[in-house]
Amino acid sequence: MNTKAMQEEVFERVERLIHHHGPRLAGTKASLDCADEIFQELSSFADHVKKEDFFVYKGAFLGWIRILVFSYFLGILALWFNMPYLSLSLALFSLLVLTLQFFLYLPFLDRFYPKRRARNVYGLIEPTKEVKQQIIISGHHDSAHVFNFFIHQPKWYNLRTTGSIFIVIMMIVLSTLSLIFPSLLALQWGIKIFLSLGFLLVGQMWFFKSKKVAPGAGDNLVASSIAITLGKHFRTQRDHGAGLEHTRLIIMSFDAEEEGLRGARAFAKKHQEHFKKTKTYLLNMDCLYDEKELFFLTSDLNDFVKLDEKLADELVHIADHIGIKTKTQRQAFLTGGTDAAELAKKGVHATTLIGMPWTNKERSLVYHTPSDTLEHVHPKVVEDTIQIFNRWLMEKDLI
């Protein structure tokens, strides 16, 4: 296979889609139109193509941030007016919203935000013989709000985010102390002053998210484009009598990954019975920037969802065999999630391939910024991904 030509095809498609549709926030016309253009290309080679619309609640996923800030501010006022019960209640409510909405990606706030239509698209390529398994290759075509903290003083990102959450937890602890020792005036004054100063850290979270939207080349249009190129490759192989014999391929582009994995959740819910009938694997991709940083996830969703370690190990072994350095890695707490999490919950053997540092302290400098353009995606990371997936697919089909 000519991986160089395939890489060039991937880049040309991403460039074209960004030129046609620009930034693509889920629930907007730009994202829907991008999905439709991907659908049209899938129609040119897939045996069956599908559009599946669902609803997304625009802005709900990150809505916890301003709730946390506002509740903390009210909690400070409550302390100064000697109402520690109210302060404690507000801090507990903030932590509850944070846990449900961000730690677990549950739709706690969705009903309070404007409802918008979003769109998953995918194509099926049937094998030459009886279907014994199906493999989904996926990315997502929506892009994210720009995160201001990744633009302004990104080295302080971890302190500003996790530090703010720590201060809210301290409000719970200190409000409780205030209730237990109401007569200790020095303690009361110390608590009020400390938590008031803490607002300097918590308050700046109000400006975490910009109204601007990132171009989303590496996160994550490149992944959707790789999936399409691999699909075209295997369809061509089949047409020349060398296709997969027992493996159905599903070439998938999710919407609303940046809104809390809502597209993958809608797809997983709709097709969970199909997953039970046919053994299903997911090769998901996200944030492919640098071939030197490639790794496969063994857990997801802030480390709360287990992915398939055996699958990840198989892919690392394949990569090593063809001279590509990769590894496995758990998803770090407070670093979010990928679409693999939602399918793994439904019994799919899933992993995500990532190509950038993925920790609270270090990520790509272009991630969720206006600089997430094609020039920051290394061509070799695309070639390496194609080689790994192609080799694994061919070997898996023989088992």
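All of the numbers you see were taken from the coordinates with simple rules; none came from a lab. Since the structure is predicted, the reported quantities are computational estimates derived from the model, not experimental observations. Note: ideal-geometry Cβ built from the backbone for every residue, glycine included; neighbour counts use all protein chains shown.
What to note about this one:
- Residue ID - farthest from residue 291 (Cα to Cα), chosen from residues in region 210-219 that are touching a Ser or Thr at 6+ places or on another chain (Cβ under 8 Å) and of a type outside the set (Asp, Glu): 213
- Only a single item in (1) free of Cβ contacts under 8 Å to residues at least 60 places away in the same chain; (2) of a type in the set (S, T, N, Q); (3) under 18 Å from residue 61 (Cβ atoms) is not met by residue 298, and it is number (3).
- Just one residue in the set 90, 109, 98 is under 30 Å from residue 183 (Cβ atoms), crowded, with 18+ Cβ neighbours inside 10 Å and in contact with a helix residue (DSSP H, G or I) (Cβ under 6 Å, 6 or more places away or on another chain); that residue is 90.
- When 193, 251, 226 are checked against the criterion of being over 27 Å from the mean Cα position of the chain (by Cα) and aliphatic (A, V, I, L, M), a single residue qualifies: 193.
- Test for residue 102: is it in contact with a His (Cβ under 9 Å, 6 or more places away or on another chain) and aromatic (Phe, Trp, Tyr): no
- The one condition in (1) buried (at least 16 other Cβ atoms within 10 Å of the Cβ); (2) touching a Phe, Trp or Tyr at 6+ places or on another chain (Cβ under 8 Å); (3) more than 30 Å from residue 395 (Cβ to Cβ) that residue 218 fails to fulfil: (3)
- Close pairs (8 angstrom Cβ cut-off, 6 or more residues apart or separate chains): touching a residue at least 24 places away in the same chain (Cβ under 8 Å) in region 190-219, acidic (Asp, Glu) and assigned to a loop (DSSP other than H, G, I, E, B) anywhere: 214/372; 215/372; 216/142; 216/372; 217/372; 218/372; 219/372
- Hits in region 245-277 (condition: surrounded by fewer than 24 Cβ atoms within 10 Å (Cβ to Cβ), touching a Ser or Thr at 6+ places or on another chain (Cβ under 8 Å) and part of a loop (DSSP other than H, G, I, E, B)): 245
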